[in-house]
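Below is one structure; the comments refer to it alone.
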Amino acid sequence: MTTSPASIPDQKKVGMVSLGCPKALVDSERILTRLRADGYAMSPDYAGADVVLVNTCGFLDSAKEESLEAIGEAIAENGRVIVTGCMGEEADVIRARFPQVLAVTGAHQYEDVVEAVHEAAPPSQGPFVDLIPQPDVKLTPRHYSYLKISEGCNHSCAFCIIPQLRGKLASRRVDAVLREAEKLVAAGTKELLVISQDTSAYGVDTRHEERVWKDRPVRAHMTELARELGQLRTPEGTPPWVRLHYVYPYPHVDAVIPLMAEGLLTPYLDIPFQHASPSVLRAMKRPANEAKVLERLKSWRQICPDIAIRSSFVVGFPGETEDDFKYLLDWLEEAQLDRVGAFRFEPVEGAQANALPDPVPEAMKEERYARVMEVTERISAAKLAAKVGKVIPVIIDEIGEPDEDGDIGATGRSQADAPEIDGAVYLRNVPASLSQGDIVHVSIEESDAHDLFGVPA
């Protein structure tokens, strides 16, 4: 007896709103991959979804408010909402404001989320539709992928509650990370973005355990992982860009700079310095070795002149004096970082910094934020101006439609630009054969404080 197509029940559909950092985006991808394997389809809008997942951020009060607004919007538009992610640790706050939410789970609790979806919208399809394995769900464009190597963090920074939300450091097996990376590159990924809460500490919790990969032993250590990632090749035989994020400047970070000079790694480091003043760093419970860092930056640039350093800084931390802030500005002038983000300090419920004396007034935070951005924009503008006239590799993110003259424009990024957080390279007069994810050489014609403008060389 044959089964008619009409007898196959419709797939239940899941919508997803993903907020916060790239690590949360990876969590969203894993949840959706599991659900698709269970027979669910993905809904691109509220109206078509049988249930909506909201993956929340709980790092700052402003992020929590954004998460609550997203939950409210999902309830208003759909009504059937499951909440997960970092703010899931504050289930009482969420339920007090939105008692109608179906379930609340915490960060990276994949099993609990899937179980909640099964209860809210039981899967309607049997195993007979799952004979062909489905590829993993990706929420980023096909040409770049986030590669999460660990969860949690062993630091106890005074302004942060991430260890409370995501637990202590838990590193993935090195062979599992490399297998995932190899699979992503084989499927079309041209750029791997290595992420965690503390990439430099990878493997510390497992005592850098050794696993066999490609018939040779490899330790769970940032340097060895980076070297192995540098051996990967796309189906076209070219090395993918490998970009390291959230790299604390431990001494062994020096060992990855030669890998960048050799072309095995993208010459880019994302280092969360947070401040430069020794007294503020001590209050933040972070290492206060800013002078040594300046020496190391100089050394790194000697080894790999193309290296781009990005970082983020907190202004207005409790007890930050005008002298502390001027120290930071002077340090930035000397460090000459390529990309800088700044944040005004926000008290976060549960953070140790809330109990510190001498809070900085909001107006002063704003004034200091404006001053630090003025300095860093000037540095960025000068660094980008120095690239005018040079030819650099650019990865293509978007391609526009031809204008009235038939000219096609495109948007890409240089090796100094991570997606979503750094600048862009705007191209004119690109060939019609150009595709998203292509890496092309671009002649830089102009620049501003954040972006570059050019034409394919």
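The values are calculated or read from the model by the stated rules, or taken from the named source; none is laboratory data. Quick caveat: nothing in here was measured; it's all calculated off a predicted structure. All Cβ positions, glycine included, derive from the backbone under ideal geometry; neighbour counts span all protein chains shown. When the accessible area is computed, the model is the full protein with side chains, heavy atoms only, and any ligands, DNA or RNA have been set aside. Shrake-Rupley method; radii C 1.70, N 1.55, O 1.52, S 1.80 Å.
Where in segment 273-383 are the helices (runs of 4 or more DSSP H), entirely inside, with at least 2 residues that are modelled with pLDDT under 95 and surrounded by 14 or more Cβ atoms within 10 Å (Cβ to Cβ)?
On the way: elements: 278-284, 290-303, 322-335.
In segment 273-383, 278-284, 290-303 are the helices (runs of 4 or more DSSP H) which contain 2 or more residues that are modelled with pLDDT under 95 and surrounded by 14 or more Cβ atoms within 10 Å (Cβ to Cβ).
Which residue pairs have Cβ atoms under 7 Å apart, sit 6 or more places apart or on different chains, and have a first residue in segment 341-361 that is more than 29 Å from I379 (Cα to Cα) and free of Cβ contacts under 8 Å to residues at least 40 places away in the same chain and a second that is part of a loop (DSSP other than H, G, I, E, B) and open to solvent by less than 90 Å² (accessible area, probe 1.4 Å)?
Matching pairs, first to second residue: N354/P347; P357/P318; P357/G319.
Identify all residues within segment 176-204 that are in contact with a Pro (Cβ under 6 Å, 6 or more places away or on another chain), closer than 16 Å to K23 by Cα and free of Cβ contacts under 8 Å to residues at least 60 places away in the same chain; write none if there are none.
Correct list: L192 only.
Of all residues in segment 192-227, which are surrounded by fewer than 22 Cβ atoms within 10 Å (Cβ to Cβ), in contact with a Lys or Arg (Cβ under 9 Å, 6 or more places away or on another chain) and at negative phi?
Scanning segment 192-227 gives I195, D205, T206, E209, E210, R211, W213, P217, V218, R219.
Among what's in segment 177-186 and is in contact with a strand residue (DSSP E or B) (Cβ under 9 Å, 6 or more places away or on another chain) and not small (G, A, S), pick the residue that is surrounded by the most Cβ atoms within 10 Å (Cβ to Cβ). Outline the logic, then answer.
Of segment 177-186, the ones in contact with a strand residue (DSSP E or B) (Cβ under 9 Å, 6 or more places away or on another chain) are 177-181, 184-185.
Right, trim to not small (G, A, S) and you get 177-180, 184-185.
Details: V177: 24, L178: 21, R179: 12, E180: 17, L184: 22, V185: 22.
The selected residue is V177.
Being crowded, with 22+ Cβ neighbours inside 10 Å and either assigned to a loop (DSSP other than H, G, I, E, B) or small (G, A, S) (or both) is true for just one of T234, T238, T189. Which residue is that? Talk me through it step by step, then tell me what you get.
On the way: T234 fails: crowded, with 22+ Cβ neighbours inside 10 Å; T238 fails: crowded, with 22+ Cβ neighbours inside 10 Å.
After ruling out the rest, the residue left standing is T189.
Please go through (1) open to solvent by 10 Å² or more (accessible area, probe 1.4 Å); (2) at pLDDT 95 or above; (3) within 25 Å of E420 (Cα to Cα) for C160 and return the number of the only condition it doesn't satisfy.
All conditions pass for C160, except number (2).
Say we look at segment 241-262 and pick out the residues that are open to solvent by 20 Å² or more (accessible area, probe 1.4 Å), in a loop (DSSP other than H, G, I, E, B) and touching a helix residue (DSSP H, G or I) at 6+ places or on another chain (Cβ under 9 Å); which of these is nearest to P393 (Cα to Cα)? Walk me through it before giving the result.
Residues of segment 241-262 that are open to solvent by 20 Å² or more (accessible area, probe 1.4 Å), as a first pass: 246, 248-252, 254-255, 258, 261-262.
After this cut, where a residue has to be in a loop (DSSP other than H, G, I, E, B) as well, the list is 246, 248-250, 262.
Among the residues that remain, those that are also touching a helix residue (DSSP H, G or I) at 6+ places or on another chain (Cβ under 9 Å) are: 246, 248-250.
On the way: Y246: 24, Y248: 27, P249: 27, Y250: 29 Å.
Ranking the qualifying residues of segment 241-262, first place goes to Y246.
Restricting attention to segment 33-69, which residues are small (G, A, S), crowded, with 21+ Cβ neighbours inside 10 Å and at pLDDT below 90? Full working, then the answer.
We begin by selecting, within segment 33-69, every residue small (G, A, S); these are 37, 39, 41, 43, 47-49, 58, 62-63, 67.
Narrowing the set further to residues that are crowded, with 21+ Cβ neighbours inside 10 Å leaves 49, 58, 67.
Selection gives G58 alone.
What number of residues in segment 421-447 are in a loop (DSSP other than H, G, I, E, B) and either touching a helix residue (DSSP H, G or I) at 6+ places or on another chain (Cβ under 7 Å) or free of Cβ contacts under 8 Å to residues at least 24 places away in the same chain (or both)? Before you say what the answer is, go through the steps one by one.
Taking segment 421-447 and keeping what is in a loop (DSSP other than H, G, I, E, B), we get 421-424, 428-438.
Right, trim to either touching a helix residue (DSSP H, G or I) at 6+ places or on another chain (Cβ under 7 Å) or free of Cβ contacts under 8 Å to residues at least 24 places away in the same chain (or both) and you get 433.
So the answer is 1.
Just checking, how many residues over segment 385-418 are open to solvent by 10 Å² or more (accessible area, probe 1.4 Å), not β-branched (V, I, T) and not in a strand (DSSP E or B)?
16
Please enumerate the residues belonging to segment 88-113 that are surrounded by fewer than 21 Cβ atoms within 10 Å (Cβ to Cβ), of a type outside the set (D, E) and within 21 Å of G152 (Cβ to Cβ).
Listed by number, the residues that qualify are A91, Q109, Y110.
Any chance segment 70-86 includes a residue that's crowded, with 18+ Cβ neighbours inside 10 Å, at pLDDT below 90 and either touching a Ser or Thr at 6+ places or on another chain (Cβ under 7 Å) or not in a strand (DSSP E or B) (or both)?
Yes: one or more hits.
Taking into account only those residues within segment 263-272 that are in a loop (DSSP other than H, G, I, E, B) and at negative phi, which is modelled with the lowest pLDDT?
Keep residues of segment 263-272 that are in a loop (DSSP other than H, G, I, E, B), which gives 263-267, 271-272.
Filter once more, so that each one left must be at negative phi: 264-267, 271-272.
On the way: L264: 94, L265: 96, T266: 97, P267: 98, I271: 94, P272: 90.
So, considering only residues that are in a loop (DSSP other than H, G, I, E, B) and at negative phi, the one modelled with the lowest pLDDT is P272.
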